[in-house]
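Each reported figure results from applying straightforward, stated rules to the coordinates on display, with no laboratory input. Note that this is a predicted model, so its numbers are computed, not measured. Here the Cβ is made from the backbone with ideal geometry for all residues, glycine too, and neighbour counts use every protein chain on show.
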Amino acid sequence: MPFSMSALNSFIFVHVMDIVAVAILLLLWYVFDKAVKRVIQKTFSIANDRLPRESEREDAVVSQRLITLRHLLTQLARGIIAFIMVYCLLERVGVDAKPVIAGIGIAGLAVSLAAQNVIRDFINGALILIENQYNVGDWVEINSYSGKVERFTLRTTRLRDINGSLVVLPNSQIQTVVNQTKDWSVALIKVSVTYESDCTKAVSLMQSLADSMYEEDKTNILERPLVQGITEFSDNSVNLRTLIKTIPGQQWRVEREYRSRLKNIFDSESVSFAYPQVVVHAPGHEV
């Protein structure tokens with residue numbers, strides 16, 4: 001009986017120690033996972049503060065690039081920690097992890113042959129990163145979708161469109177990318193006036209407004225704007241166009257401000273905006 005009690009106590013002690021060891025490993029996993037995220041975030045924050053910039057525009061580009069790299073490095077580091085901790089847990093509970101890992105490798109090879117799209121996702125994601133096609137925070141148009149890059153991984157790209165909808169795109173399906181906030185942008189303002197309006201006066205007013213906005217905001221407007229004048233004669237209007245080169249992402253704000261001011265100026269100067277017109281001739285009446 002004493003022998004049986006001793007064996008039972010020994011059995012209980014061993015299993016309690018195993019449970020404690022597993023609990024410690026899980027706790028370490030949690031601590032390491034949180035710590036690596038914090039260390040990487042702190043490291044990139046220091047790098048962001050210390051990297052030299054020559055302008056605010058370059059500062060925004062560098063910051064977006066660092067955010068993208070930080071997200072990818074965090075995912076990679078967390079994956080490595082997870083692999084090591086699972087290996088340790090298997091060894092602790094008495095499972096020989098080496099055959100398991102070998103089996104996972106063989107299974108992974110078989111799965112990879114059946115999941116070639118996933119492999120293409122990662123390859124294309126790596127190419128996007130290397131070529132710096134876009135970063136987190138950029139406004140892009142990918143295939144038929146457009147929105148702000150909210151998150152980028154080697155597997156997928158996530159866009160938040162203007163309606164607030166989240167669009168998830170596998171990287172292997174990305175065929176064309178239009179980055180509307182890369183290096184610099186252009187505010188393109190098209191204006192239609194009536195044929196009866198003084199087009200020379202309209203162009204002069206548009207150029208004067210564009211020049212005044214440039215003098216007011218040289219930080220966001222990079223060059224003196226260009227009013228191209230008459231670009232087209234349509235059925236009901238004479239079309240004019242203004243081009244204003246801006247820093248990335250500011251083209252839409254500049255367009256809105258320009259249109260708002262131009263409306264007031266045209267109203268005060270009696271320049272009429274064109275609108276669709278339909279002429280109806282009654283039967284029996286001469287034209």
- Query: Based on the Cβ-Cβ distance of residue 30 and residue 120, what FRET efficiency does E = 1/(1 + (r/R0)^6) give at R0 = 35 Å, to the nearest 0.05?
  - Reply: 0.55
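Working out 0.36 nm times the residue gap between residue 87 and residue 231, then minus their Cα-Cα distance, what length gain in nm do you get to one decimal?
Roughly 45.0 nm would be gained on extension.
First measure r as the distance between the Cβ atoms of residue 252 and residue 200, then evaluate 1/(1 + (r/R0)^6) with R0 = 22 Å and state the FRET efficiency to the nearest 0.05.
0.15
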